[in-house]
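Asker: First the structure, then my questions, so here it is.
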Amino acid sequence: MIKTLSSASLRSSRTASAWGSRKQGTTRPGHGSDPARTTPAFSWISPNLCDDGHDCGVSAGDRFLARTVPALLRALGPHGFLVITWDEGTSDRGCCGAAHGGHIATILAGPDVRRGARERRPVDHYGVLATIERAFGLTPLAGAADPRAGDLTPLFSRPPRGLR
């Protein structure tokens, strides 16, 4: 199941959990209320303009992450992973071929992610997408297929595979 959530829907969720309300259809049938079993295989969470720090500052973004990330980490399951990335830097400089927008932070967390690991080679949003696509056994599309986009796989102790 693929589900897209906004920070507004996270706050209005009946269960007050980051994986959404059961009435929104985000649970996998027959798996009870265990977050690791009811979380969709893929979720895209896009904060509103306050929670993402654009309109309300960094502290609002910090509060959003503080109340959202712990529940997501508990719900990942044994091989899931969480990618937190920003969408723009402070310049139009590019890296990796097609990407432009400056240097941004990307954080990767999960049971199979090497604690404290850092990727020194550039990885753009296409490289993040390629990592997610490979984890689901999909062939990378468009810019994600470009090897210059980079890859987050070196940050894992076990390459992400078979997340369906």
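The values are calculated or read from the model by the stated rules, or taken from the named source; none is laboratory data. Values in this document were obtained by computation on a predicted structure and should not be read as measured data. Using ideal geometry, Cβ is built from the backbone for each residue, glycine included, and neighbour counts are taken over all protein chains shown.
Asker: If Ser9 passes every condition in (1) part of a helix (DSSP H, G or I); (2) of a type in the set (Gly, Ala, Ser); (3) more than 19 Å from the chain's Cα centre (by Cα); (4) modelled with pLDDT under 85 but one, which one does it miss?
Answerer: (3)
Asker: Quick one: would you say Pro140 is touching an Asp or Glu at 6+ places or on another chain (Cβ under 7 Å), part of a loop (DSSP other than H, G, I, E, B) and surrounded by 13 or more Cβ atoms within 10 Å (Cβ to Cβ)?
Answerer: Working: touching an Asp or Glu at 6+ places or on another chain (Cβ under 7 Å): yes; part of a loop (DSSP other than H, G, I, E, B): yes; surrounded by 13 or more Cβ atoms within 10 Å (Cβ to Cβ): yes.
The answer is yes for Pro140.
Asker: Would you mind finding the one in Asp62, Asp34, Asp112 that is more than 25 Å from Arg134 (Cα to Cα), modelled with pLDDT of 70 or more and not hydrophobic (A, V, I, L, M, F, W, C)? Spell out the reasoning first.
Answerer: Details: Asp34 fails: modelled with pLDDT of 70 or more; Asp112 fails: more than 25 Å from Arg134 (Cα to Cα).
The unique qualifying residue is Asp62.
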